[in-house]
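Some notes on the structure that comes next.
The values are calculated or read from the model by the stated rules, or taken from the named source; none is laboratory data. The model shown is predicted, which means the values in this text are computed figures rather than measured ones. Cβ placement follows ideal geometry from the backbone for every residue including glycine, while neighbour counts extend to all protein chains displayed.
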Amino acid sequence: MKKFFYIIFICLFFTEFAKAECFDDWLKENIKQGEILITFSGLTFDTGIDRLNAALWFPLEDLKICGPQVFNLEGKTFQYYDIINLDDNENKVFARLMN
């Protein structure tokens, strides 16, 4: 868990998604009050500690997904994305791609 917080810290304070590619999608399913987000394109994201921001997101809301931001930590590769809810005042979460 400590590694996860380390990655989040690095991403939030030292990187930006300014050059990341973005695409539009829709929320298909919100599981465990924002912990897992599934899109209509079939992508599954784990929001981890950022789930409180996504807890009240509803199916069919418009999303803009930007990324990936790729990190290698102790031989493991992690892909993180910025997920912006266009229907919720552009509320944003930082999530790990699960599939």
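Residue by residue, here is whether (1) exposed (fewer than 12 other Cβ atoms within 10 Å of the Cβ); (2) out of contact with any helix residue (DSSP H, G or I) (no Cβ under 7 Å at 6 or more places or on another chain); (3) under 17 Å from Glu29 (Cβ atoms) holds:
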{"residue": "Trp57", "(1), (2), (3)": "no, yes, yes"}
{"residue": "Leu63", "(1), (2), (3)": "no, yes, yes"}
{"residue": "Gly67", "(1), (2), (3)": "no, yes, no"}
{"residue": "Val70", "(1), (2), (3)": "yes, yes, no"}
{"residue": "Gly75", "(1), (2), (3)": "yes, yes, no"}
{"residue": "Phe78", "(1), (2), (3)": "no, no, no"}
{"residue": "Leu86", "(1), (2), (3)": "no, yes, no"}
Exercise. Can you tell me which residue within segment 1-43, out of those that are touching a strand residue (DSSP E or B) at 6+ places or on another chain (Cβ under 9 Å), over 16 Å from Pro68 (Cβ atoms) and assigned to a helix (DSSP H, G or I), is modelled with the lowest pLDDT?
Key: Tyr6
Quiz item: Which of the residues spanning segment 55-75 are in contact (Cβ under 8 Å) with a residue 40 or more places away in the chain and touching a strand residue (DSSP E or B) at 6+ places or on another chain (Cβ under 9 Å)?
Solution: Lys64, Ile65, Cys66, Gly67, Pro68, Gln69, Phe71
